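Take a look at the structure below.
The values are calculated or read from the model by the stated rules, or taken from the named source; none is laboratory data. If you're wondering where the values come from, they're calculated on a predicted model, not measured in any experiment. Neighbour counts run over all protein chains shown; Cβ positions are idealised from the backbone, glycine included.
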Amino acid sequence: MSSVVEYSQASVHPPRHGVGRRLTLLLVSTLTIMAGATISPSLPAIEAHFRATEHAALLTRFVLTMPSLFIALSAPLVGLAADRIGRRMVLLAAIVLYGLAGMSGLIVESLQGLLVGRALLGIAVAGIMTSGTALVADYFAGPERDRFMGLQSAFVGFGGLMFLVGGGLLAEVHWRFPFGVYGFAILLVPLVALFILDPSRVSEQVAARHVGRPSRGTGMALLAVLATALISNIIFYLIPTQLPFHLQSLGIGAPSQAGLAIGLMSLAAATVSLVFGRLRSSLGPQAMFALSFALMATGFALVGLAAAFPAVLAATVIVGLGLGLVMPNLSSTAMSLADPAKRGRVSGALTASIFIGHFVSPLMSQPLIRAVGSGGVFLAGSGLLACLMILTATAAWKIHAQASPTSVAMTATEFSSAYHQDQARHDLVGTLSAGLRAMQRHRAKRRMMVRLSRLDPHLIRDIGFDPELVYAALDGSWDEVDPGSFHSYLPRKERV
């Protein structure tokens, strides 16, 4: 069986059921944050209910962290399955498993059974995150993808606040009731079945001509993104795991105050995600990373130096602003670098990097706290984030310095749009009647597109274009708006 790759046609033709598809993907994304936020307020009551169980205190903590461990372990395998059998099938199976495993807390009678359900929930979340991210990359391209990923991050942030508050209200009635919220996932199954379709497939010959084997530069760039995701999430997770204890060391011991600080951080992250697409199209991915890490470094430094609760609140808001920009930028950058046929695997690797960071963060920070104190750990995190800022800012400056202003007179979207307008205006008859000059302009633009398409994808991005828009302009609508005979007008050496 010949291998295939998947191409999104969303950048050329609006998909059917566009509004329903977008809303479904946004609702599905809220399931990822629901995994931990919903039952967090129930943990004390769960520990009290199973107090007769040996090591109940320790096992109760694992109820919250078990999904993260299994997300990290299973995400690469689930991503491979998404590439092999299709994103839609993996997403449907993951949502069903999510609902059943999540609601198992309503009926299980042992703490061990509760942990098994949480482990299965982690596998389901891995499937939802990997297939969902890959589908967004398949359906959208360029600035449209950036805007949607920013909106998706905002939905996750606002959804986390809603589920945290809702879980707290339900936990006051009974500790089992928050587990019923996971049943919301089952309601999404019909929406996914109706609106989510696997993208159309093209032959290996077309894929090899335009994508080919990933260059070493692209592979190294992907590894850099994954390493950035791992390091930044190790540092970020100091906030939810160590901030309550840091506040206690400052004499601010009320749990509600720690919750308020973390909640404000989530709110700031969700709010700034709404403008992520606009900022990324203006700054580019490297400069976006530099801005994000600058904000997070500033916030962590202020947390480490703060002596009063208002200062801590201001610091966590600044951290949230950086977090709301860096998370969608990680996903968007990884998907733009990924081979279309391997987006599931790349999404799985990115998901695993994020949640490995969450899992090892408390393990790495605890020895440092004993050595330098909680404030010192936040200052050390600020220093590491500042190093990331310097590295990404240097990369952004080099790319800006190497780019020729005259060679990139228009953005990728503007160039692709103008090219398609010329295609529609100049069919065979129109070209002949318009005269030699019109045909020469058309051929000159196509020759430029052909030259761009022959570059490695990462070089096309460095110049300032989106490779997928270049490939789509050449082949995505050729048979629909251009006569097949127009191909014969191209010089032999420029034919594709």
Residues in region 266-290 that are of a type in the set (Lys, Arg) and touching an Asp or Glu at 6+ places or on another chain (Cβ under 8 Å): how many?
1
Sort out which residues of region 49-72 are more than 21 Å from MET103 (Cβ to Cβ), free of Cβ contacts under 8 Å to residues at least 60 places away in the same chain and of a type outside the set (Val, Ile, Thr), and write them in order of number.
ARG51, ALA52, GLU54, HIS55, ALA56, ALA57, LEU58, ARG61
Being in contact with a helix residue (DSSP H, G or I) (Cβ under 6 Å, 6 or more places away or on another chain) and at pLDDT below 90 narrows it down to one of LEU283, LEU264, LEU230, LEU226, so name that one.
LEU264
Pick out the one residue from PRO244, PRO310, PRO328 that is buried (at least 21 other Cβ atoms within 10 Å of the Cβ) and part of a helix (DSSP H, G or I).
PRO328
Go through (1) of a type outside the set (Asp, Glu); (2) under 15 Å from ILE186 (Cβ atoms); (3) crowded, with 24+ Cβ neighbours inside 10 Å one by one and return the number of the condition ALA82 breaks.
(2)
If a residue counts only when it is at pLDDT 90 or above, which helices (runs of 4 or more DSSP H) contained entirely in region 43-113 have at least 2 such residues?
56-85, 87-103
Considering every residue within region 361-377, establish whether at least one is within 20 Å of ALA75 (Cβ to Cβ), within 21 Å of the chain's Cα centre (by Cα) and buried (at least 17 other Cβ atoms within 10 Å of the Cβ).
yes
